[in-house]
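Note sheet for the following structure.
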Amino acid sequence: MAVDADAVLAYLRGLQDRICAAIEQIDGGGKFNSDRWDRAEGGGGDSRVLRNGKVFEQAGVNFSHVMGSRLPPSATAQRPELADAQWMATGVSLVFHPWNPYIPTTHANVRFFNAIPKNGAPGAWWFGGGFDLTPYYAFDEDVLHWHRTAQQACEGFGENVYSKHKDWCDRYFFLKHRNETRGVGGLFFDDLNEWSFERCFDYQRSVGDHFLKAYLPIVERRKDHPHGERERQFQLYRRGRYVEFNLVYDRGTHFGLQSGGRTESILMSLPPLVRWEYNWTPEPGTPEARLYTDFLRPRDWLSELK
């Protein structure tokens with residue numbers, strides 16, 4: 001089947017609308033501000049940001065559809081033959097930073113890329129995406145629900161897809177300089193073109209459509225959980241890990257900046273408030289310590305948390 005970029009664009013625009021509507025509803029106060037932008041090199045996007053809501057300190061849902069005549073180094077490191085290709089990239093990317101430290105931060109992304117070399121060589125297309133969860137005070141039942149829903153998103157696409165993309169997520173969202181995972185993982189995949197275009201697109205839709213099913217029940221359970229200044233300060237400290245990963249390792253951030261993307265939209269993922277503290281370690285036996293000992297490492301959640 002031929003590549004149907006229009007169908008991908010229509011799905012992604014609809015996904016942005018659905019997610020924004022659901023987040024406004026559960027927040028019960030905040031509204032997304034739509035910031036449409038154009039890119040001089042080609043294309044543009046719609047960055048939607050909710051700030052200072054009742055549940056979310058900041059929630060951003062970006063749609064982008066950009067194109068160009070030469071790929072940045074982050075996209076051609078493993079494909080030098082595409083360096084001079086014309087290209088198109090589109091996707092929806094979101095990050096939610098809640099007020100309550102008992103609600104996890106979350107990130108999701110679904111994207112599509114198409115490149116057409118100018119020399120007449122065969123082109124290349126692929127899908128990528130996933131979703132991951134970054135708790136501050138983690139609960140077994142929340143992590144189990146998250147991974148069960150991730151597994152459901154993979155059903156029908158092969159018996160090893162969940163385990164493969166779960167492991168990929170653990171490896172990708174890993175802070176090597178801290179020797180810890182960013183959170184409890186989820187799904188991550190990139191360069192997906194091993195199936196037909198339609199099957200790959202079906203999988204992307206399944207991942208995108210399962211995100212709210214994975215996240216909203218956790219928000220409902222934790223949004224009224226009592227907390228104080230201790231929990232808030234720990235949340236701000238742990239947000240520093242989010243900043244470190246996005247600026248040091250994240251391929252999407254690097255691609256956006258190297259390709260001349262819109263800086264405000266690219267860095268929308270960063271939390272509005274954050275802090276660092278020199279050589280801090282949690283007190284043994286505390287809930288803060290349990291995050292490090294029990295959750296910030298790859299685990300077989302579905303087997304261990306039954």
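Values quoted throughout were computed directly from the atomic coordinates according to the rules given, and no laboratory measurement underlies them. As the structure is a computational prediction, the values presented were derived from the model and not from experiment. Neighbour counts run over all protein chains shown; Cβ positions are idealised from the backbone, glycine included.
What to note about this one:
- Summed side-chain charge close to Gly28 - residues other than Gly28 whose Cβ falls under 12 Å, Lys, Arg +1, Asp, Glu -1: -1
- Highest-fluctuation residue, Asn109, Asn246, Asn52 considered, GNM on the chain with Cα pairs under 10 Å: Asn52
- Segment 5-304: equivalent-ellipsoid semi-axes (sqrt of 5 x gyration tensor eigenvalues, Cα, Å): 31, 21, 19
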